[in-house]
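Engineer: I have a structure I would like to understand better, so I am pasting it below and will then ask my questions one at a time.
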Amino acid sequence: MTDQVRLDSHTLGVVEDGVALVNAAVPGERRGRPYPPAADNAELHGRLDEMVSTAYGYHVEPEDAAELARAAGQLRQVFGAVADNDMDAAAAQVNALITEYGARPTLIRHGSRPWHLHFHAADAALVPGIAAACAVGLAYVLGSEHADRIGVCSADNCDRVYLDTSRNGTKRFCSTACQNRAKTAAFRARRASS
């Protein structure tokens, strides 16, 4: 595939928000180091509040942190299934998320701004609103020729997820740091074998 990913800005934004949510909430490994679960609800709330306030301009209530982290874990399963080349499992998980979080297309206008499409009811609570939007955004990607543009970092000791919006579609790392770590490791391995 040699086309740049063509999604409308709102869809692209919610998929990128899903990536950020998963990477903030789901424990595992990040850039060669452990990314442990939050020590307590206050730490989890801090991670998620920072991500949500940056992406959406809203603050997460402490009582919503665990439910939002659960949604992030559900979203992570989609990325894992795509990385395992199991598109059936990825689609089934997205469909389950759409159903669980009550996703439905709704035209919404904020003040005098133009009408635009949201993927949840106008009165949706924060967690179902975010989860529904991310699920539908992933559904758009999976249902297009760009399904291979979401994935899990290929660097050793990193399991963060990404969306590849590049023109050539060759992104395989969550960050430049992981890409550089992988290149350095490959260089050292070649040098050691010569």
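The values are calculated or read from the model by the stated rules, or taken from the named source; none is laboratory data. In this text, all values refer to a predicted model and were calculated from it rather than measured experimentally. Quick reminder, even Gly has a Cβ in these numbers, built from the backbone with ideal geometry, and neighbours come from all protein chains shown.
Engineer: So which pairs qualify, if the first residue must be in the range 38-61 and more than 23 Å from His10 (Cα to Cα) and polar (S, T, N, Q), the second must be crowded, with 16+ Cβ neighbours inside 10 Å and at pLDDT 95 or above, the Cβ gap must be under 6 Å, and the two must be at least 6 apart or on different chains?
Structural biologist: Close Cβ pairs (under 6 Å, with a partner that is crowded, with 16+ Cβ neighbours inside 10 Å and at pLDDT 95 or above) amount to Asn41/Ala65.
Engineer: So, Val82, is that one under 18 Å from the mean Cα position of the chain (by Cα), more than 14 Å from Val127 (Cα to Cα), hydrophobic (A, V, I, L, M, F, W, C) and part of a helix (DSSP H, G or I) or not?
Structural biologist: yes
Engineer: Scan Pro105, Pro128, Pro114 and give me the residue that is surrounded by fewer than 21 Cβ atoms within 10 Å (Cβ to Cβ) and in contact with a Gly (Cβ under 7 Å, 6 or more places away or on another chain).
Structural biologist: Details: Pro105 fails: in contact with a Gly (Cβ under 7 Å, 6 or more places away or on another chain); Pro114 fails: in contact with a Gly (Cβ under 7 Å, 6 or more places away or on another chain).
Being surrounded by fewer than 21 Cβ atoms within 10 Å (Cβ to Cβ) and in contact with a Gly (Cβ under 7 Å, 6 or more places away or on another chain) holds for just one of Pro105, Pro128, Pro114, which is Pro128.
Engineer: Return yes or no: is Ala155 touching a helix residue (DSSP H, G or I) at 6+ places or on another chain (Cβ under 8 Å), in contact (Cβ under 8 Å) with a residue 12 or more places away in the chain, not polar (S, T, N, Q) and not in a loop (DSSP other than H, G, I, E, B)?
Structural biologist: It is false that Ala155 is touching a helix residue (DSSP H, G or I) at 6+ places or on another chain (Cβ under 8 Å), in contact (Cβ under 8 Å) with a residue 12 or more places away in the chain, not polar (S, T, N, Q) and not in a loop (DSSP other than H, G, I, E, B).
Every residue, every condition in (1) of a type in the set (Gly, Ala, Ser); (2) in contact with a His (Cβ under 9 Å, 6 or more places away or on another chain), yes or no:
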| position | (1), (2) |
| --- | --- |
| Glu50 | no, no |
| Pro62 | no, yes |
| Asp84 | no, no |
| Ala90 | yes, no |
| His120 | no, no |
| Cys134 | no, no |
| Ser144 | yes, no |
